1. Those residues that are among the aliphatic types (A, V, I, L, M) and part of a helix (DSSP H, G or I), I need them from the range 19-54; list them, please.
2. Hey, can you tell me all the residues within the range 119-151 that are in a loop (DSSP other than H, G, I, E, B), more than 21 Å from Lys21 (Cα to Cα) and open to solvent by 30 Å² or more (accessible area, probe 1.4 Å)?
3. Given the conditions (1) open to solvent by 10 Å² or more (accessible area, probe 1.4 Å); (2) in contact with a helix residue (DSSP H, G or I) (Cβ under 9 Å, 6 or more places away or on another chain); (3) closer than 21 Å to Phe168 by Cβ, report the number of the one that Gly70 does not fulfil.
4. Any residue in the range 190-205 that's part of a helix (DSSP H, G or I): show its pairings with residues that are polar (S, T, N, Q) and modelled with pLDDT of 95 or more at Cβ separation under 9 Å, as long as the two are six or more apart or on different chains.
5. Mind checking which residues of the range 178-207 are open to solvent by less than 40 Å² (accessible area, probe 1.4 Å) and under 22 Å from Cys96 (Cβ atoms)?
6. Every residue in the range 160-170 that is open to solvent by less than 30 Å² (accessible area, probe 1.4 Å) and closer than 12 Å to Leu194 by Cβ, please.
7. Tally up the residues in the range 73-86 that are open to solvent by less than 70 Å² (accessible area, probe 1.4 Å) and in contact with a helix residue (DSSP H, G or I) (Cβ under 8 Å, 6 or more places away or on another chain), please.
8. Name the single residue, out of those in the range 2-58 being under 36 Å from the mean Cα position of the chain (by Cα) and on the phi > 0 side of the Ramachandran plot, that is surrounded by the fewest Cβ atoms within 10 Å (Cβ to Cβ).
Amino acid sequence: MIETGDLVLLISPKGKRYMYKFDPEGEIHTNDGKILMADVGEAGFGRQAKTHLGRPYLVLKPTLHDLIKGVKRQTQIMYPKEIGYLLLKLGIGPGCTVIESGTGSGGLTTALAWYVGDTGRVITYERREDFYKLAGKNLRRVGLDHRVTQVNKNIEDGFDHSGADALFLDVRTPWQYIRHIPAAVNPGAMCGFLLPTTNQVSELLHALEDAGFEDLEVMEILVRHWKPVPDRLRPDDRMVAHTGFLVFARCMQPLPDEEPQADEPPVEEPVAEEPAGEEPEGEESGAAESGE
């Protein structure tokens, strides 16, 4: 049963994808003809609805992968291949609070909001107002905006929030903001970073080591699709290879400064008293040796 406002994914006979909010009074115009949303609703998920030209379209409930790929963008978004590993590595789940900086078009923000659930919170910082507004529209479109707090701010002066279970930075020079992370996350929180080049990764690693971060990991994820033809199974001619380096590290609680110990007063050795009326033995023997 498709309810008004539900997201619906329609796939054409040639594999072209259309995603819309369901409106029983609406209609969709495609190269294969017009589809009435009422027909889509009558068909339901997992079935087919035909255009007025008789072309069948699959009617599906979109997955998170579909939502991310369908984000309207002005920036390059993270690929699902990185997002999947990132979610596991950061430990994102229902009830988590996660801080993100570098919202961009909101692709990763969408995934984070999906997984934290209604009991969790995503706090995302974006310095550019145009990206900030676009990400808000994308989140509202998929119905996840109520799980997200958007902040239109540069993080050069630090974060406005604290107590996060995880943190992710997708910014050009993350090493400049390492000093702000301990105040924003819980001790031991996993932190992630995305960078495109090796020299940036090296700069970040130096900063993480100097700041006492532990459990460092650097990786890239490559994906190669295969043609799903049983009698001619072989890899696709093109693949999604290097799109960025993922860096992970744990923000550790700094060791407390050792308290300086107060100087103890010197211990005085007791002096033995000499018996009264007797000359010291040393003086007597010394006089004899001198011939006096």
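The values are calculated or read from the model by the stated rules, or taken from the named source; none is laboratory data. Note that the coordinates shown come from a computational prediction; the quantities given were computed from them, not determined experimentally. Here Cβ is always computed from backbone atoms with ideal geometry, including for glycine, and neighbour counts include all displayed protein chains. For accessibility, only protein heavy atoms count, side chains too; no ligands or nucleic acids. Shrake-Rupley method; radii C 1.70, N 1.55, O 1.52, S 1.80 Å.
1. Of everything in the range 19-54, those that are among the aliphatic types (A, V, I, L, M) and part of a helix (DSSP H, G or I) turn out to be Met37, Ala38, Val40, Ala43.
2. Thr119, Arg127, Arg128
3. So the condition that Gly70 fails would be (3).
4. That search, which allows pairs on different chains as well, returns Gln200/Thr173; Glu203/Thr173; Leu204/Thr173.
5. Across the range 178-207, the qualifying residues are Ile178, His180, Ile181, Ala184, Val185, Gly188, Ala189, Met190, Cys191, Gly192, Phe193, Leu194.
6. So in the range 160-170, the residues open to solvent by less than 30 Å² (accessible area, probe 1.4 Å) come out as 164, 166-169.
Correct list: Phe168, Leu169.
7. Final tally of qualifying residues: 6.
8. Gly15
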